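To start, the structure under review is shown below, and the notes come after it.
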Amino acid sequence: MSGIDVDLAVNGLITGLFYALMAIGLSLIFGILKIVNFAHGEFYMVGAYAYTLIALALGVPVWIALPLAFVVGALLGWLTERTLMRPLYAGYTSWGLMRDEYAVIVTFGLSLFLINLVDKVIGPYAYRGPPLVETSRVVLGPVLISGHRLLAAGIAIAVIAVTAALIKWSFWGQQIRAVSQNRLGASLAGIDTAKASVIVFMLSGGLAAFAGALLSPVINASPDVGIFPAIKSYIIVVLGGMGSVPGAIIASLFLGVIESFGAVYISFQYRDAFGLILLMLFLLFRPQGLFGEKGREV
Amino acid sequence: MAPSSAISPAASRSGAQLSNTKTTVEFRAALVAMAIVALIPLGVSNPYWLGVLIVSMYFAILAGAWNLLAGYTGQFSLAPATFAMIGAYTTGLLNHYFGVPPLLGIVAAVVVSGLVGLLLGRAVLRLVGPYLALTTLSFAEIMRLVASNSIDITRGDLGLGVAGLLDSRVGWYYLFLGALVVLLVLFYMLLRSKAGLFLQAIRDDEVAARRAGVNVVFWKTAAFAISAAASGFAGALYAHFAELVTPELGLIGQTGLIVSMTVIGGMGTLAGPLVAAFLVYVLSEWLRDVGGYQLAVFAALVVIFARFFREGLWGLARAAVQRWGRA
């Protein structure tokens, strides 16, 4: 492995970490409601704006603005769940049996709404968030990396680890997993499934917003900045198996590395297409993903 | 309808008689709307506004085609704009490289986009809900990436210049209107025939439809192909109107506009999406200078309609008429 390969691998893994922040939430939502949230990228966009505006316009230190971005995303997730998702399982949509289709339209509409609202309220210009540290480059052997990116990657690892541990071992995490394995069974066992959905949406919104905030010094937030990260997380969730958190983490790192190498060795223009092709192939031939398992029915 | 009162609302909704009457009422309303549109050039001669209305008709065709697939058959594809782009590039490339005349190119565009729709429809047959939406979304993005990166062939984002077809803007206006009315009549005939019942039966309950003897594979694929062909037709017409083909025709935002128009107008109604296409596009051009919150408002309407009134503006209008008739 030559120096450039190590550099590509490390940078691909770091990109994968940011993908994982997005994909975990999406995967949890799929697990618990069996829907895809097409507004997921807009949680990311809102997080990037929240961090940037809180830090720059209000002059709040970046280390306080970062968790505040998480809070803003979580609030947005809570609002989405209460107003638009509850009908899915409380049974009062005007769509009868077309739950899946309702969810596609309502989240797609929410995505358009948030993009256009931010476009008018804040403006279509790109905003650049303040970096967490000013160090412009850190040299680690053959790897060259900006100080902010390295620090952000470290924070991402910590957040992913805490989230995964909470899902695995905490009381609410166990309840969430129970609901995603079998909603009816979980509710018969006395689990408050509505509360589990609220928690998942808040966590998912918060994590996506946190990813946006961490990347805001790099991505130059604009209203449509969330579209591509969202598409990446759809790819990851399908590859990793819809609803599986470890699957999402592994698939994120995998996709980050594939894109990093593909952009150099195959085609830079088509770097965004590799994952899309994988997504289509998986959905057509192996919809349960690499690690997905079929839920048990009562 | 005498028999409808005897059976439950759920059963009567898919009852052949009632469904046909409902479609016929919607068809007549749509024809009235198109007649009004046909009179507009008598009073409006401003080429800018005629252009806005022409683009509205382009979107009306796309919304109608997507409605056939999503509203009537229950297949929520997120690639309607992509088929318009495929149609536009078919005639655009044929014209640019081989000098194929526009009319022949448009026919080729219908065939090519219909075939691509057939293949995609066949491939996604088993996928429902979120899986279908994701597969078609990735198909859309891949096609757009190919169009914008094959710079040697398509000139990428710069766009491909293509020949015009008509000189007069009023001529284009009536050409688009004619195309829209022809498609409206075709969709009406399709929906009024048994095929329309098959499609709606598949939407309401695919398993039950199969048990009742509907050839689900055939009709789902056919709906995909017809919808794609109609979208490709619109895209090809638009290519010769704009005299330019760009990958922007296939942007997610364009699909967003098509979905918005259909949901606001009323999914699964013949007239709603057509009228809403005019409403949404004309209003968004008109309000561009004042405030400009219209796109956010339309998106909010999509969410609200999806959440509360699945039949959109058309459903609201019908309810209002019924209440007024009863009083």
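The single condition from (1) over 15 Å from the mean Cα position of the chain (by Cα); (2) open to solvent by 20 Å² or more (accessible area, probe 1.4 Å); (3) closer than 21 Å to A:H40 by Cα that A:F228 fails is (1). The C-beta contact set for region B:79-107 (first residue under 19 Å from B:F59 (Cα atoms), second residue among the charged types (D, E, K, R) and open to solvent by less than 10 Å² (accessible area, probe 1.4 Å), distance under 9 angstrom, 6+ apart or interchain) comprises B:T82/B:E141. Considering only residues in region A:120-149 that are part of a helix (DSSP H, G or I) and in contact (Cβ under 8 Å) with a residue 40 or more places away in the chain, the one that is least open to solvent (accessible area, probe 1.4 Å) turns out to be A:H148.
Taking the options A:L53, A:L117, A:L58, name whichever one is closer than 16 Å to A:L214 by Cα and either away from chain B (no Cβ under 14 Å) or open to solvent by 10 Å² or more (accessible area, probe 1.4 Å) (or both). Sole residue among the options that is closer than 16 Å to A:L214 by Cα and either away from chain B (no Cβ under 14 Å) or open to solvent by 10 Å² or more (accessible area, probe 1.4 Å) (or both): A:L53.
Restricting attention to region B:124-168, which residues are at the interface with chain A (Cβ under 7 Å from one of its Cβ atoms) and open to solvent by less than 10 Å² (accessible area, probe 1.4 Å)? Within region B:124-168, B:G129, B:P130, B:A133, B:L134, B:T135, B:S138, B:E141 qualify.
Checked against the criterion of being within 14 Å of another protein chain (Cβ to nearest Cβ), farther than 19 Å from B:L175 by Cβ and not hydrophobic (A, V, I, L, M, F, W, C), region B:108-121 contains one or more residues that satisfy it. In the condition set (1) within 28 Å of A:I122 (Cβ to Cβ); (2) crowded, with 19+ Cβ neighbours inside 10 Å, B:G232 is compliant with all but (1).
Please tell me if A:A273 is touching a Leu at 6+ places or on another chain (Cβ under 9 Å) and either of a type outside the set (A, V, I, L, M, F, W, C) or within 13 Å of another protein chain (Cβ to nearest Cβ) (or both). Break it down stepwise before answering.
Details: touching a Leu at 6+ places or on another chain (Cβ under 9 Å): yes; either of a type outside the set (A, V, I, L, M, F, W, C) or within 13 Å of another protein chain (Cβ to nearest Cβ) (or both): yes.
Taking the combined requirement at face value, the residue satisfies it.
Residues in region B:270-310 that are more than 14 Å from chain A (Cβ to nearest Cβ) and among the β-branched types (V, I, T): B:V275, B:V282.
The values are calculated or read from the model by the stated rules, or taken from the named source; none is laboratory data. Note that the structure is a prediction, hence the values are computed from the model and not measured. With ideal geometry, Cβ positions are generated from the backbone for all residues, glycine too; neighbour counts draw on all protein chains shown. These area figures cover heavy atoms from the full protein model, side chains too; ligands, DNA and RNA do not enter into them. Shrake-Rupley method; radii C 1.70, N 1.55, O 1.52, S 1.80 Å.
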